[in-house]
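One structure below.
The values are calculated or read from the model by the stated rules, or taken from the named source; none is laboratory data. Predicted model only: the values in this text are computed from it and were never measured. Every residue, glycine as well, gets a Cβ built from its backbone with ideal geometry; the counts of neighbours run over all protein chains shown. What goes into the accessible areas is simple: the full protein's heavy atoms, side chains included, and nothing from ligands, DNA or RNA. Shrake-Rupley method; radii C 1.70, N 1.55, O 1.52, S 1.80 Å.
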Amino acid sequence: MEDPEVQGMKKMSNIYESAANTLGIFNSPCLTKVELRVACKGISDRDALSKPDPCVILKMQSHGQWFEVDRTEVIRTCINPVYSKLFTVDFYFEEVQRLRFEVHDISSNHNGLKEADFLGGMECTLGQVSPQSLSLLLGSFGPF
(Lines give C-alpha, C1' and ligand atoms only; values in the text may rest on other atoms or scores of the structure.)
Protein backbone atom coordinates (compact mmCIF):
# COMPACT_ATOMS: atom_id res chain seq x y z
CA MET A 1 0.00 0.00 0.00
CA GLU A 2 1.30 3.43 -0.92
CA ASP A 3 2.15 6.03 1.73
CA PRO A 4 -0.67 8.66 2.07
CA GLU A 5 1.88 11.47 1.66
CA VAL A 6 3.05 9.97 -1.66
CA GLN A 7 -0.57 9.62 -2.78
CA GLY A 8 -1.15 13.29 -1.93
CA MET A 9 1.92 14.37 -3.92
CA LYS A 10 0.75 12.36 -6.95
CA LYS A 11 -2.66 14.00 -6.73
CA MET A 12 -0.99 17.43 -6.59
CA SER A 13 1.08 16.61 -9.69
CA ASN A 14 -2.02 15.48 -11.55
CA ILE A 15 -3.83 18.67 -10.52
CA TYR A 16 -1.02 20.87 -11.85
CA GLU A 17 -0.74 18.89 -15.10
CA SER A 18 -4.49 19.08 -15.59
CA ALA A 19 -4.49 22.82 -14.85
CA ALA A 20 -1.69 23.41 -17.37
CA ASN A 21 -3.59 21.50 -20.05
CA THR A 22 -6.89 23.20 -19.24
CA LEU A 23 -5.41 26.70 -19.27
CA GLY A 24 -3.67 26.04 -22.59
CA ILE A 25 -0.32 27.13 -21.20
CA PHE A 26 1.57 25.46 -24.02
CA ASN A 27 0.65 25.69 -27.70
CA SER A 28 2.82 22.96 -29.19
CA PRO A 29 2.41 19.24 -28.54
CA CYS A 30 4.50 17.66 -25.81
CA LEU A 31 7.52 15.89 -27.33
CA THR A 32 8.74 14.05 -24.29
CA LYS A 33 8.79 14.04 -20.53
CA VAL A 34 11.97 15.10 -18.72
CA GLU A 35 12.87 13.89 -15.24
CA LEU A 36 14.85 16.27 -13.03
CA ARG A 37 16.65 15.26 -9.87
CA VAL A 38 17.69 18.00 -7.44
CA ALA A 39 20.46 18.24 -4.86
CA CYS A 40 21.72 21.20 -2.83
CA LYS A 41 25.17 21.79 -1.39
CA GLY A 42 26.21 24.11 1.39
CA ILE A 43 22.83 25.56 2.30
CA SER A 44 23.47 28.43 4.71
CA ASP A 45 22.08 28.19 8.23
CA ARG A 46 19.59 31.03 8.82
CA ASP A 47 18.84 29.73 12.28
CA ALA A 48 21.90 29.70 14.55
CA LEU A 49 20.39 27.01 16.80
CA SER A 50 19.69 24.31 14.21
CA LYS A 51 20.41 23.15 10.69
CA PRO A 52 17.76 23.78 8.02
CA ASP A 53 14.99 21.36 7.07
CA PRO A 54 15.13 22.11 3.33
CA CYS A 55 12.53 21.48 0.66
CA VAL A 56 12.86 22.46 -3.03
CA ILE A 57 9.83 23.83 -4.84
CA LEU A 58 9.72 23.74 -8.63
CA LYS A 59 7.75 26.52 -10.29
CA MET A 60 7.09 27.23 -13.96
CA GLN A 61 6.27 30.55 -15.56
CA SER A 62 3.19 31.03 -17.70
CA HIS A 63 1.90 34.37 -19.00
CA GLY A 64 4.19 36.22 -16.58
CA GLN A 65 2.96 34.33 -13.51
CA TRP A 66 4.78 31.59 -11.58
CA PHE A 67 2.86 28.52 -10.51
CA GLU A 68 3.99 25.62 -8.37
CA VAL A 69 4.51 22.38 -10.28
CA ASP A 70 5.74 20.13 -7.50
CA ARG A 71 7.98 19.96 -4.46
CA THR A 72 10.51 17.60 -2.95
CA GLU A 73 10.30 15.89 0.37
CA VAL A 74 11.64 17.75 3.42
CA ILE A 75 15.01 16.45 4.58
CA ARG A 76 15.50 17.17 8.26
CA THR A 77 18.61 18.93 9.61
CA CYS A 78 20.67 18.84 6.42
CA ILE A 79 22.83 21.39 4.60
CA ASN A 80 23.66 19.05 1.67
CA PRO A 81 20.38 17.31 0.80
CA VAL A 82 20.07 14.89 -2.10
CA TYR A 83 16.38 14.49 -2.84
CA SER A 84 14.80 11.24 -3.94
CA LYS A 85 11.86 13.05 -5.53
CA LEU A 86 12.00 13.21 -9.34
CA PHE A 87 10.33 16.18 -11.00
CA THR A 88 8.65 15.10 -14.24
CA VAL A 89 8.15 17.96 -16.69
CA ASP A 90 6.70 17.94 -20.20
CA PHE A 91 9.20 19.22 -22.77
CA TYR A 92 7.82 21.40 -25.59
CA PHE A 93 10.24 21.85 -28.48
CA GLU A 94 9.40 25.37 -29.63
CA GLU A 95 8.45 26.81 -26.24
CA VAL A 96 10.74 28.56 -23.77
CA GLN A 97 9.88 26.93 -20.47
CA ARG A 98 11.13 29.01 -17.55
CA LEU A 99 11.81 27.11 -14.33
CA ARG A 100 12.33 28.43 -10.84
CA PHE A 101 13.79 26.25 -8.09
CA GLU A 102 13.20 27.68 -4.61
CA VAL A 103 14.75 26.26 -1.44
CA HIS A 104 12.74 26.77 1.75
CA ASP A 105 13.47 25.81 5.34
CA ILE A 106 10.30 24.01 6.43
CA SER A 107 9.87 24.11 10.18
CA SER A 108 9.18 20.75 11.80
CA ASN A 109 6.01 22.29 13.27
CA HIS A 110 4.62 23.46 9.92
CA ASN A 111 4.69 22.21 6.34
CA GLY A 112 3.30 25.41 4.83
CA LEU A 113 5.40 27.99 3.02
CA LYS A 114 3.96 30.96 4.92
CA GLU A 115 6.04 30.07 7.97
CA ALA A 116 9.05 28.76 6.02
CA ASP A 117 12.29 30.69 5.57
CA PHE A 118 13.34 31.28 1.97
CA LEU A 119 16.94 30.05 1.69
CA GLY A 120 17.67 30.75 -1.98
CA GLY A 121 16.94 29.64 -5.47
CA MET A 122 17.68 29.87 -9.14
CA GLU A 123 15.93 30.36 -12.46
CA CYS A 124 16.71 28.76 -15.79
CA THR A 125 14.96 27.42 -18.86
CA LEU A 126 14.26 23.74 -19.31
CA GLY A 127 16.45 23.88 -22.42
CA GLN A 128 19.42 24.99 -20.28
CA VAL A 129 19.26 21.84 -18.15
CA SER A 130 21.55 19.30 -19.76
CA PRO A 131 21.57 15.53 -19.21
CA GLN A 132 25.06 15.87 -17.72
CA SER A 133 23.94 18.29 -15.01
CA LEU A 134 20.53 17.23 -13.74
CA SER A 135 21.59 17.88 -10.15
CA LEU A 136 21.28 21.62 -9.67
CA LEU A 137 23.52 23.10 -7.01
CA LEU A 138 21.62 25.79 -5.18
CA GLY A 139 23.99 26.56 -2.33
CA SER A 140 25.62 29.61 -3.94
CA PHE A 141 22.46 31.20 -5.31
CA GLY A 142 20.50 33.86 -3.50
CA PRO A 143 17.26 35.80 -3.74
CA PHE A 144 15.70 36.48 -7.15
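Right, residue 25: modelled with pLDDT of 90 or more, over 18 Å from residue 129 (Cα atoms) and either hydrophobic (A, V, I, L, M, F, W, C) or open to solvent by less than 30 Å² (accessible area, probe 1.4 Å) (or both) or not?
Numbers: modelled with pLDDT of 90 or more: no; over 18 Å from residue 129 (Cα atoms): yes; either hydrophobic (A, V, I, L, M, F, W, C) or open to solvent by less than 30 Å² (accessible area, probe 1.4 Å) (or both): yes.
Answer is no for this residue.
Report, by residue number, each residue of the stretch 69-83 that is open to solvent by less than 30 Å² (accessible area, probe 1.4 Å), farther than 17 Å from residue 97 by Cβ and part of a strand (DSSP E or B).
Matches in the stretch 69-83: 83 only.
Sort out which residues of the stretch 34-68 are open to solvent by 20 Å² or more (accessible area, probe 1.4 Å) and among the hydrophobic types (A, V, I, L, M, F, W, C), and write them in order of number.
Residues satisfying the conditions are 34, 48, 49, 66, 67.
Residue 85 - would you say it is basic (Lys, Arg) and modelled with pLDDT of 95 or more? Show your work before the answer.
Details: basic (Lys, Arg): yes; modelled with pLDDT of 95 or more: yes.
For residue 85, the condition - basic (Lys, Arg) and modelled with pLDDT of 95 or more - is met.
Each row is one residue, and each column tells you yes or no for (1) modelled with pLDDT under 75; (2) more than 14 Å from residue 59 (Cβ to Cβ); (3) open to solvent by 30 Å² or more (accessible area, probe 1.4 Å); (4) touching a Pro at 6+ places or on another chain (Cβ under 6 Å).
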site: 96; (1), (2), (3), (4): no, yes, yes, no
site: 102; (1), (2), (3), (4): no, no, no, no
site: 108; (1), (2), (3), (4): yes, yes, yes, no
site: 113; (1), (2), (3), (4): yes, no, yes, no
site: 125; (1), (2), (3), (4): no, no, no, no
site: 131; (1), (2), (3), (4): yes, yes, yes, no
site: 140; (1), (2), (3), (4): yes, yes, yes, no
site: 143; (1), (2), (3), (4): yes, yes, yes, no
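Take the residues in the stretch 84-101 that are of a type in the set (D, E, K, R) and not in a loop (DSSP other than H, G, I, E, B), then tell me which one is nearest to the chain's Cα centre (by Cα).
Just the residues of the stretch 84-101 that are of a type in the set (D, E, K, R), to begin with: 85, 90, 94-95, 98, 100.
The next check asks that each one be not in a loop (DSSP other than H, G, I, E, B); those that pass are 85, 90, 98, 100.
Details: 85: 9, 90: 14, 98: 12, 100: 7 Å.
Taking the candidates together, the pick is 100.
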